[in-house]
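Okay, here's the structure, questions in a sec.
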Amino acid sequence: MKRVSCFVILSILILTGCRMIKPATTAELSVEKNLNATADENSVDFSKQETWILGYFDRSRMRNEPYSTWFLKGYDGYAPESGAMEYLKNLDIQGISIKVVMGTWCPDSRREVPRFEKILDSWQFPSDKLTYFGVDNAKLSPIGEYDGLHIHRVPTFIIYRNNVEAGRIIENPVTSLEQDIVNILRGMNNNK
């Protein structure tokens, strides 16, 4: 009986001992979250409006926090297909321009836009022929010309030749981003 009583008392002390640890306050948790916010993409909630890029923006903005967490990972981890890139590098880019519509809240945008950027850099496509639009989760942007783009899904990459739309890559490429660009510029657009 004495052994059972000792066992019960010891068990109670052990079980309640874990509850004696002081729980973290909301302020402490918030500080910890902010300290870890740059550690990885999952610690930033890109569904929150304060993380969204809206309207026109410069492509270099994605290389800064908090966007760089997903941008650099996707950019550095992508290797464009050499055959398609060879075609693009030998292409006369006179009259070609591109509009990129994306949402920083959108997982597809966070996957495809860094890859697209890698292709543009490998292609040495001029930044002055690119226009970036950031949209909210209703796919709206506070820019007058935006309504005429008829965006339903993001990301959408719109490729123009002599100010006429040649084709689009919508949300996901059919083959690969670089091959879809080649197909559009060759006139074999099957993404529209």
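Beyond 22 Å, how much of the Cα-Cα pair distribution for the range 45-192 remains, as a whole percent? Don't skip to the answer; put the middle values down first.
Working: 3745 of 10878 pairs.
The answer is 34 percent, as a whole percent.
What does the accessible area of Ser127 come to, in Å² to the nearest 10, when a probe of 1.4 Å is used?
Result for Ser127: roughly 70 Å² accessible.
Right, another one. Suppose accessible area is computed on protein heavy atoms with a 1.4 Å probe; arrange Arg110, Arg186 from highest to lowest. Before the final figure, lay out each step's value.
Details: Arg110 40, Arg186 125 Å².
Descending order: Arg186, Arg110.
Take the Cα pairs of the range 106-192, get the Kirkwood Rh, then feed it into Stokes-Einstein at 10 °C and 1.306 mPa s and tell me D in µm²/s. Present the calculation step by step, with values, prior to reporting the outcome.
On the way: Rh = 13.6 Å.
Once the numbers are plugged in, D ends up at 117 µm²/s.
Report, in listed order, any pair from Lys89/Lys139; Lys73/Lys118; Lys118/Lys139; Lys73/Lys139 with a Cα-Cα distance greater than 21 Å. Mind dumping the intermediate values first?
Details: Lys89/Lys139 32 Å; Lys73/Lys118 11 Å; Lys118/Lys139 24 Å; Lys73/Lys139 25 Å.
Distance filter (> 21 Å) returns Lys89/Lys139; Lys118/Lys139; Lys73/Lys139.
Turning to a different aspect of this structure: Thr131 accessible area, nearest 10 Å², 1.4 Å probe?
Looks like 40 Å² after rounding.
Cross-link partners among aspartates and glutamates for Lys99, C-alpha distance below 16 Å, same-chain residues fewer than 8 apart left out?
Cross-link targets: Asp58, Glu112, Glu117, Asp121, Asp128, Glu145, Asp147, Glu165, Glu171, Glu178, Asp180.
How do Trp105, Trp70, Trp52 rank by accessible surface area computed with a 1.4 Å probe, from largest to smallest?
Working: Trp105 50, Trp70 5, Trp52 30 Å².
Sorted descending by solvent-accessible area, the residues read Trp105, Trp52, Trp70.
Please report the accessible area of Tyr87 (heavy atoms, 1.4 Å probe, ligands and nucleic acids excluded) in Å², nearest 10.
It works out to around 70 Å².
Starting from the exponent 0.38 and prefactor 2.2 Å, build the expected Rg for the range 74-139 from its residue count and divide its actual Cα Rg by it.
Values: Rg = 13.0 Å, N = 66, 2.2 N^0.38 = 10.8 Å.
The range 74-139 yields a ratio of 1.20.
Here is a follow-up. Could you give me the ³J(HN,Hα) list for the range 164-171, computed from phi with Karplus coefficients 6.51, -1.76, 1.60 and θ = phi - 60°, whole Hz, x at Gly and Pro?
My calculation for the range 164-171 gives 10, 4, 8, x, 9, 10, 10, 6 Hz in order.
The values are calculated or read from the model by the stated rules, or taken from the named source; none is laboratory data. In this text, all values refer to a predicted model and were calculated from it rather than measured experimentally. With ligands, DNA and RNA removed, areas are computed over all heavy atoms of the protein, side chains included. Shrake-Rupley method; radii C 1.70, N 1.55, O 1.52, S 1.80 Å.
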